[in-house]
Amino acid sequence: MNGAVMDWTDWIERFGEPGVLAVSGLLTGLAFGFFAQRSRFCLRAAVIEFWHGKFGDKLTVWLLAFATAVVAVQLFVVSGLLDVSTARQLSSRGSLSGALIGGLIFGVGMVMTRGCASRLLVLSANGNLRALLSGLIFAVTAQASLSGVLSPWRETIAGWWVVDGGPARSLLALMGVGPMDGLAFAAVWLVTALFFAYYSGWGFWKWAGGIGTGLAVALAWLATYQVLAHSFEPVQIQGMTFSGPSAEWLMRVLSNPNDPWNFDLGLMPGVFLGSLIGALVGRDWKLEGFGGGYTMPRYIIGAVLMGFGSMLAGGCAVGAGMTGGAIFAVTAWVTLVGMWVGGGVADRMFDGAHKPAPAPAPSPEPAPLAASAPTAAP
């Protein structure tokens, strides 16, 4: 194709498949980081609002982003721009036991660290040192769970209940429906989120942030599919996730600096840079540390739980929850349920126990003593 617009084959011939994938990851990461920062997108905050019986801004933002991602992905599938049948979440064997238990563990961890894996990366770019430390521990634990000392535990739990790849891993196939039905289902949730957002009196950035975050997740699927569909050696497509890329970046820094670039390696710096830009635009950048002795052990333990839980479940809140949920992978929806349940239990156990007790009602002041009558002089 001549002119300013080039097709995917031209880009791949010029820059190579690794380069195009890395740039695709960088651009989608920029969009995700910026919009997630501006909208305060956070699964942990949404879970807490839900279990507190409120349908507030945080729950609405998450629902708007999730529904947007599902609607966009299913539109791509229906229009023929995207084929997810070879995606890992659908084509390979999966673990329902790993999805459920991993989701529960991850949900507990994200409440303890006050943010899921993607939120920690976003907050790190905003100057939050608690999130930065938690993110590093998350990456170390994820790598240890993938191929290190924790991998035998992960493999044992994952082997308890295994499901074959193909129709058995597709929620749409199990229900006997197709992409149009998935699109209609997601549209109902999108309308619900738009309804609550409208009556909440949102400003521009909440609207743009919620929708933009969901579109970034959908565009990750589309970009990797288009690159790999036009490459000489097609491989599995992939979506946006943060557990695997965190571990991959850790190993790249420590021992494999010359590994070829890919989508994941472009995604992480893209999200960081996008969030940093969002923080500077909104004047939200602020250096923050730990507030006391209780908080550091809490963040460390929570990050370890998230790292192990994400690898056991096959993804983080974005990778398994939104990316896998958008293609209706059974294990992704099971993981998402586990995260919501685990997060609710952890909020009641930890934060509920540390909320200050209400101050006792002040006791009524005693009535002033009546003035004594003057004593008559003798």
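Please sort 139-145, 211-217 by packing, taking for each peptide the average over its residues of neighbouring beta carbons within 10 angstrom, highest first. It would help to have the intermediate numbers written out before the result.
Working: 139-145: 23.4, 211-217: 25.6.
In descending order of packing, they fall as 211-217, 139-145.
Please list 3J(HN,Hα) in residue order for segment 265-282, calculated via the Karplus relation 6.51 cos²θ - 1.76 cosθ + 1.60 where θ = phi - 60°; whole Hz, with x for glycine and proline.
For segment 265-282, the Karplus-derived couplings read 6, x, 5, 4, x, x, 5, 4, 5, x, 5, 4, 4, x, 5, 5, 4, x Hz, x marking Gly and Pro.
Which ³J(HN,Hα) values in Hz, rounded to whole numbers, follow from the phi angles of segment 305-320 under the Karplus curve 6.51 cos²θ - 1.76 cosθ + 1.60, where θ = phi - 60° and Gly and Pro get x?
Coupling constants for segment 305-320: 4, 5, x, 5, x, 5, 6, 5, 7, x, x, 8, 4, 8, x, 8 Hz.
Mind giving me the FRET efficiency for residue 153 and residue 350? R0 is 22 Å, r the Cβ-Cβ distance, nearest 0.05 is fine. Don't skip to the end; give the middle numbers.
Values: r = 23 Å, r/R0 = 1.06.
Rounded to the nearest 0.05, the efficiency is 0.40.
Taking the convex hull of the alpha carbon atoms in segment 230-302, what volume per residue do you get, in Å³?
Values: hull volume 11.8 nm³, N = 73.
For segment 230-302, the hull spanned by Cα atoms encloses 162 Å³ per residue.
Test of understanding: express the Cα radius of gyration of segment 203-258 as a ratio to 2.2 N^0.38 Å, with N the residue count. Show your work: numbers first, answer last.
On the way: Rg = 15.5 Å, N = 56, 2.2 N^0.38 = 10.2 Å.
Here the Cα radius of gyration is 1.52 times the empirical estimate.
Against the longest principal axis of the chain, how steep is helix 204-229, in degrees 0 to 90 to the nearest 10, with axes from Cα atoms?
Roughly 30 degrees, rounded to the nearest 10.
Find how much the distance from residue 175 to residue 258 grows on full extension, using 0.36 nm per residue of separation minus their present alpha carbon separation; answer in nm with one decimal.
Going from the current span to full extension adds 25.4 nm.
Using the crude model of +1 on Lys and Arg Cβ and -1 on Asp and Glu Cβ, and no other charge, please compute the dipole size for segment 77-205 relative to its Cα centre, in debye to 20.
Values: 7 positive and 4 negative charges, 78 e Å.
Computed about the Cα centre, the dipole is about 380 debye.
When the chain is fully extended, how far beyond the present Cα-Cα distance does residue 296 get from residue 204, taking 0.36 nm per residue of separation? Kindly include the intermediate steps, with their values, before the conclusion.
Numbers: separation 92, 0.36 × 92 = 33.12 nm, distance 3.57 nm.
Gain on extension, residue 296 to residue 204, equals 29.6 nm.
Let me have the relative contact order for the chain, percent, based on Cα pairs under 8 Å that are six or more residues apart. Could the numbers behind the result be given before it?
On the way: 687 pairs, mean separation 145.2, N = 378.
Result for the chain is 38 percent.
Rounded to the nearest 10 degrees, what's the angle between the helix 57-78 long axis and the longest principal axis of the chain, both from Cα atoms, 0 to 90?
It is inclined by approximately 10 degrees.
So the label point goes 7 Å from the Cα of residue 281 along Cα→C-beta, right? Which residues of segment 8-48 then have their backbone N under 11 Å from it?
31-39, by backbone N distance to the label point.
For residue 163, enumerate residues with amide H under 5 Å from its amide H, sequence gap 5+ or separate chain, H modeled in the peptide plane.
94, 95, 96
From the phi angles alone, apply the Karplus equation (6.51, -1.76, 1.60; θ = phi - 60°) to segment 325-339 and give each ³J(HN,Hα) in whole Hz, x where the residue is Gly or Pro.
Result, rounded to whole Hz: x, 5, 9, 6, 6, 4, 4, 5, 5, 5, 4, 4, 4, x, 5.
I'd like to compare 194-200, 98-104: which one has the highest average count of other Cβ atoms within 10 Å, and what's the full order after that?
Values: 194-200: 14.1, 98-104: 27.0.
Those peptides, ordered most packed to least, come out 98-104, 194-200.
How do 137, 300, 237 stack up against each other in accessible area, from largest to smallest, with a 1.4 angstrom probe?
300, 137, 237
Determine the gain in length on full extension of the stretch residue 195-residue 92; use 0.36 nm per residue of separation and subtract their C-alpha separation, reporting nm with one decimal.
Gain in length upon complete extension: 33.3 nm.
Using a basic spin-label model with each label point 7 Å from the Cα along Cα→Cβ, how many nm lie between residue 288 and residue 337?
A separation of 3.3 nm, rounded to one decimal place.
Considering amide H positions built from the backbone, and no H for Pro or chain starts, which residues 5 or more places from residue 288, or on another chain, come under 5 Å of its amide H?
128, 129
What is the distance, in nm, between label points placed 7 Å from the Cα along the Cα-to-Cβ direction at residue 55 and at residue 168?
Result: 3.8 nm between the two label points.
Just order 159-170, 10-21, 313-324, 268-279 by mean Cβ neighbour count inside 10 Å, highest at the front, would you?
313-324, 268-279, 10-21, 159-170
All other residues with a Cβ under 11 Å from the Cβ of residue 248 taken together, and with Lys, Arg as +1 and Asp, Glu as -1, what is their net charge? Show your work: numbers first, answer last.
On the way: positive: 252; negative: 259, 264.
Net local charge, residue 248 excluded: -1.
If you fit an axis through the alpha-carbon atoms of helix 179-199 and take the longest principal axis of the Cα set of the chain, what angle between them do you get, 0 to 90°, nearest 10?
It is inclined by approximately 30 degrees.
The values are calculated or read from the model by the stated rules, or taken from the named source; none is laboratory data. Just so you know, these numbers come straight off a predicted model, no measurement behind them. Here the Cβ is made from the backbone with ideal geometry for all residues, glycine too, and neighbour counts use every protein chain on show. Note: areas computed on protein heavy atoms with side chains; ligands, DNA, RNA excluded. Shrake-Rupley method; radii C 1.70, N 1.55, O 1.52, S 1.80 Å.
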